[in-house]
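Heads up: the structure comes next, in structure tokens.
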Amino acid sequence: MKEVYDLEGRVRREGGETILGLKDLDTHACYLIYGVLDPGGPARILKPGDGHEEIILATGGTIRLKGGGNEVLLRPGQAVYLKGVETWEAYCEGEYEARYVAAGGHTPGREHGHGEHSH
């Protein structure tokens, strides 16, 4: 039987963000992050970490990203690509929560440390 991972059930218990990765899958090849940002809530740091790359996809609400003197709005279905120690702050923009998925993996040719990533 194929295992189903209840990320919606886990996200609130784990502080607004949950990771489907090494602990669940027993692999360093890839991971997926599911996050919820509350209106008026604190920023969440999005930073893949050295040797990692991620695609951040907004799936609900609007997300304001701030980093490196730049600002970007992501609406559902829009994505950005982050690499390495590139660091952005994510905020919920609006009255309703915002949701995102980060699909990540390891930069080709890079040795992997034992930390899963920097989120």
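Observations on the model:
- Of the residues 100, 81, the single one that is open to solvent by 60 Å² or more (accessible area, probe 1.4 Å) and of a type in the set (Phe, Trp, Tyr) is 81.
- Being closer than 15 Å to residue 15 by Cα and either at pLDDT 95 or above or open to solvent by 70 Å² or more (accessible area, probe 1.4 Å) (or both) is not true of residue 73.
- Filter pass, residue 111 being surrounded by fewer than 17 Cβ atoms within 10 Å (Cβ to Cβ), over 13 Å from the mean Cα position of the chain (by Cα), at pLDDT below 90 and outside any strand (DSSP E or B): yes
- Pair list, Cβ under 6 Å, 6 or more apart: region 27-50 residue within 19 Å of residue 10 (Cα to Cα), other residue polar (S, T, N, Q): 34/18
- For region 20-32, residues that are open to solvent by 50 Å² or more (accessible area, probe 1.4 Å) and assigned to a strand (DSSP E or B) total 2.
Per-residue answers, yes or no, for (1) aromatic (Phe, Trp, Tyr); (2) open to solvent by 60 Å² or more (accessible area, probe 1.4 Å); (3) farther than 11 Å from residue 100 by Cβ:
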| position | (1), (2), (3) |
| --- | --- |
| 5 | yes, yes, yes |
| 18 | no, no, yes |
| 34 | yes, no, no |
| 42 | no, yes, yes |
| 55 | no, yes, no |
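- Of all residues in region 96-108, those satisfying the criterion of being at pLDDT below 95 and either at positive phi or not in a strand (DSSP E or B) (or both) are 107, 108.
The values are calculated or read from the model by the stated rules, or taken from the named source; none is laboratory data. All values reported here derive from a predicted model rather than from experimental measurement. Don't worry about glycine lacking a Cβ; one is built from the backbone with ideal geometry, like all the others, and counts go over all protein chains shown. Note: accessible area is taken over every heavy atom of the protein model, side chains too, but ligands, DNA and RNA are not part of it. Shrake-Rupley method; radii C 1.70, N 1.55, O 1.52, S 1.80 Å.
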